[in-house]
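Colleague: The structure that follows is given in the form of structure tokens.
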Amino acid sequence: MNGLLTDLYELTMAAGYFAAGKHEETATFELTIRRLPRNRDFVIAAGLHRAIDYLINLKFTANEIAYLRGLPSFRNASPAFWDYLAAFQFTGDVFAVPEGTVLYEGQPVMNVRAPLMKGQIPETYLLAAIGYETLVATKAARIVHAAEGREIIEFGTRRAHTPEAGVIGARAAYIGGCAGTSNTLAGYRYAIPVLGTAAHSWVMSFASESEAFERLQRLLGERTVHLIDTYDTLEGARTAAKLGRPLWGVRIDSGDLVQLSREVRAILDAANLNDAKIMASGDLDEVKIEAIVKAGAPIDAFGVGTELTTSADAPSIGAVYKVVAIGNPGNVRYPIKSSPEKHTFPGAKQIFRFPDRDVLGLATECFTGSEALLRPVILSGKVVGALPDAAEVRERATQSLNPWPSPNRRTEMSERLQALTTQVRGELEVSA
């Protein structure tokens, strides 16, 4: 994994830790959702698979080190620092919430306990990996919820901010409840169902719509989905109905989806194609889908792209990565940030989930009758057990979302965490 895929200040701090002799000092960092995205009452944790892959494979090549040595910021770095980077290997521990878990504002996603320098460098990548997939998985969950049982297919790679974002976004969307994706690499890499047939260019490349549909049927058989709005949606439906089976159904990509779907349904039923399905697509999101469903439109599935893959209404998440403890048991210092609206709480923490509430406490605490959400995933630089595949994570998310999370769910702070926070803040005031 490319060691330069980070912000410069992670590496200047690393050089500084090394020069100060602090680089091997044990530290605990915490990745926390400080603020929820706009229009969100909760998020679905995702992206842990990439975070683990990054930590386990993080290396600095000779060419990368040569590049860094040429930067003005490292003019005073010692040769020993570069030797340390050349032999870099993550040797710490990671406790994290399983992917597919519902989380609320102020709750930690991950604790990283490692030598100070090795815990600092991963900050940028971990925030990006967890943040993006969490946003998309959460958006997908909202869209699937709005569809009330109708399938959602992820169509977003062509609108993703990079092609690779389309791949990992497809995985996150699947975790959030989508039935499948149009992205074949995501299907190959993560064993996600892939779906898709033909675009408008297919229809336009033939002399007639009828020929285009017939040729598609020869190829795809019962998986055929005719895109019927290239010219006239209702005429396209009549052409599809005339050709008959084999047929999965038809797709409408524009126009008044409610009214058109009703008329298309009538055309298909009149041709005894009662089992043929109707899919709708075209700049959809959870708000539009909810309105379509409430209107009683006979639509069986939705294809959603741009709004899903970019999490368009909430494209960023207020996640932070802060040091919460330095030192070993018996000799621990608890650094905190006290600035307004950006304060932190000391110590490695745990989320204790009860049926009716969550308790945010110290990792050393135990609450009978609760589920401790943060679990070991890396110990001494080694992955603990096999990671769940995308289907298993999707199932966890489905269970986490049933019943649908309440916007009024409480997160309480344990007495021990409150006491430690008061103590550390008092010590900070005295030292100031």
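Colleague: Which FRET efficiency value, to the nearest 0.05, do you get for LEU234 and SER406 by plugging their Cβ-Cβ distance into 1/(1 + (r/R0)^6) with R0 = 56 Å? Could you put the intermediate results ahead of the total?
Modeller: Details: r = 44 Å, r/R0 = 0.78.
Efficiency computed from Cβ-Cβ geometry: 0.80.
Colleague: Rounded to whole Å and sorted largest first, what semi-axes of the equivalent ellipsoid does the C-alpha gyration tensor of segment 1-148 yield via the square root of 5 times each eigenvalue?
Modeller: Those come to 34, 15, 13 Å.
Colleague: Here's another thing I want to ask about it. Could you tell me which label, among (i) 172; (ii) 135; (iii) 325, carries the value of volume of the Cα convex hull per residue in Å³ calculated for this structure?
Modeller: (i)
Colleague: Rounded to a whole number, what is D in µm²/s for segment 197-245 from Stokes-Einstein with the Kirkwood radius over alpha-carbon pairs (37 °C, 0.692 mPa s)?
Modeller: 313
Colleague: Would you please name the chymotrypsin sites (Phe, Trp or Tyr not before Pro) within segment 268-373 that are DSSP coil residues with at most 16 other C-beta atoms within 10 Å of their C-beta?
Modeller: PHE367
Colleague: Compare the peptides 64-70, 27-33, 343-349, 225-231 by average per-residue count of other Cβ atoms within 10 angstrom and give them in order, highest first.
Modeller: Highest-to-lowest ranking by the protection proxy: 27-33, 225-231, 343-349, 64-70.
Colleague: With all distinct Cα pairs included, what does the Kirkwood hydrodynamic radius of segment 196-296 come out to in Å, to one decimal, could you say?
Modeller: In segment 196-296 this quantity evaluates to 13.6 Å.
Colleague: Follow-up question, since we're still on this one. Mean Kyte-Doolittle of at least 0.0 and a Cα length of 20 Å or more along the axis: which whole DSSP H helices of the chain meet both? Mind showing how you got there, number by number?
Modeller: On the way: long enough: 123-147 (36 Å, 0.71); 415-431 (24 Å, -0.44).
TM-like helix candidates: 123-147.
Colleague: Considering only lysines 8 or more places apart in sequence, or on different chains, count the pairs in the chain whose C-alpha atoms sit under 13 Å apart.
Modeller: Value for the chain: 5.
Colleague: In nm, to one decimal, how far is the modelled label at SER208 from the one at LEU387, with both set 7 Å along Cα→Cβ?
Modeller: Once both label points are built, they end up 5.3 nm from each other.
Colleague: How long are the three semi-axes of the equivalent ellipsoid for segment 308-354, computed from the Cα gyration tensor as the root of 5 times each eigenvalue, in whole Å, largest first?
Modeller: In descending order the semi-axes read 30, 15, 10 Å.
Colleague: Okay, moving on. Please give the FRET efficiency for ALA295 paired with ARG35, using the beta carbon to beta carbon distance and R0 = 56 Å, rounded to the nearest 0.05.
Modeller: Numbers: r = 35 Å, r/R0 = 0.62.
FRET efficiency, ALA295 to ARG35: 0.95.
Colleague: May I ask you to derive the FRET efficiency for ASP356 and GLU105 from their Cβ-Cβ distance with R0 = 25 Å, giving the value to the nearest 0.05?
Modeller: After rounding, the FRET efficiency stands at 0.90.
Colleague: Where does the chain land at 222 nm, in deg cm²/dmol rounded to the nearest 500, when only DSSP H runs of n ≥ 4 count, each adding -39500 (n - 2.57), divided by all residues?
Modeller: The per-residue figure over the chain is -12000 deg cm²/dmol.
Colleague: Just want the ordering: CYS178, CYS366, from fewest to most Cβ atoms lying within 10 Å of their own Cβ.
Modeller: CYS366, CYS178
Colleague: Could I ask something else about it? What's the magnitude of the charge dipole for the chain around its Cα centre, counting Lys and Arg as +1 and Asp and Glu as -1 at the beta-carbon? Answer in Debye, nearest 20.
Modeller: 680
Colleague: Dipole size in debye (nearest 20) for segment 196-296 around its Cα centre, Lys and Arg Cβ +1, Asp and Glu Cβ -1?
Modeller: 380
Colleague: Which value in nm describes the separation of the simple spin-label points at SER201 and GLU24, placed 7 Å from the Cα toward the beta carbon?
Modeller: Going from the SER201 label point to the GLU24 one covers 5.8 nm.
Colleague: Compute the separation of the alpha-carbon centres of segment 238-252 and segment 377-403 and state it in Å as a whole number.
Modeller: The distance from the Cα centre of segment 238-252 to that of segment 377-403 comes to 40 Å.
No value in this document is a laboratory result; all are computed from the given coordinates. Bear in mind the structure is a predicted one, so any value in this text is a computation, not a measurement. We place every Cβ from the backbone using ideal geometry, glycine too, and count neighbours over all the protein chains shown.
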